[in-house]
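Enquirer: My questions all concern the structure below.
Derivation of every value follows stated rules applied to the coordinates shown; laboratory data play no part. As the structure is a computational prediction, the values presented were derived from the model and not from experiment. For neighbour counting, all protein chains shown are included, and Cβ atoms are generated from backbone atoms with ideal geometry for every residue, glycine included.
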Amino acid sequence: MDVRSRLAERFPLFGLSVRTPSVELQLPTDEDLLALAPLATDIHGPDLRPFSTPWNLGADDEVQQRLLQYHWGRRGDFAAASWRLELVTIVEGEVVGTQGLFAEHFSVSRSITSGSWLGRRHQGRGIGTEMRAAMLHLAFAGLGAERAVTGAIEGNAASLAVTAKLGYRPNGDDVNVDGEDRRRELRFVMDRADWEPRRRDDIELIGLERCLPLFGLGEP
């Protein structure tokens, strides 16, 4: 029995997998995190600041350490009332980035938010769209969500293109403060009625049933 299977016996989220024809989303083991960490040091060019919090800026060693600590923390504080499910994106056996979905009091709100990133050398291949589609399938088809919201800093063309392609609707904006800079963050929403016409039949959810109590759910 491999490490992931052994971990899944004690913490079912390690047995959860979302598979499309080209990508797979899984909770990262420490081995996955060691593959992911170097990617965090090269996500975008030096003139871009696409994230609402510039978590990936600084010395390479510091960025990688922060990434490990963040993912370890999200495992440890996962609770039905407040969860941040941070999954690694795997393509042809290689870790290429992360796709997260987050919620507060999900069993009542049925609303999730999301965030994602890809290592720069893996961008421009359609992976970002595919992994977000996988995340939405997990949320709507698997967990019974009724709404998904997301956002992007104005000018983040790649993220905005994925959001538009998947059918999110504009939902206002917000102010983001980055040091001394004041930036506009665009907000978007997708309701179940928006997602259903785009529902795919080639996305597989594996190991979800054992995880449902961790989300505060029975059968969705």
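Enquirer: Which entry is the computed Rg and Dmax of the Cα atoms in Å for this structure: (i) 15.8, 43; (ii) 35.7, 99; (iii) 16.8, 51?
Expert: Label (iii) holds the value from this structure.
Enquirer: In what sequence, highest mean first, do 133-141, 121-129 appear when ranked by Cβ atoms within 10 angstrom?
Expert: Ranked by mean Cβ neighbours within 10 Å, highest first: 133-141, 121-129.
Enquirer: Provide THR163, THR113 in ascending order of the number of other Cβ atoms located within 10 Å of each residue's Cβ, fewest first.
Expert: THR113, THR163
Enquirer: For the chain, what is the percent of antiparallel DSSP beta bridges, rounded to the nearest 5?
Expert: Percent antiparallel among DSSP bridges in the chain is about 95.
Enquirer: Hey, quick one: spin label on ALA158, modelled 7 Å out along Cα-Cβ, who in the range 69-102 has an amide N within reach, i.e. under 17 Å?
Expert: Output list for this probe position: 88-91, 95-100.
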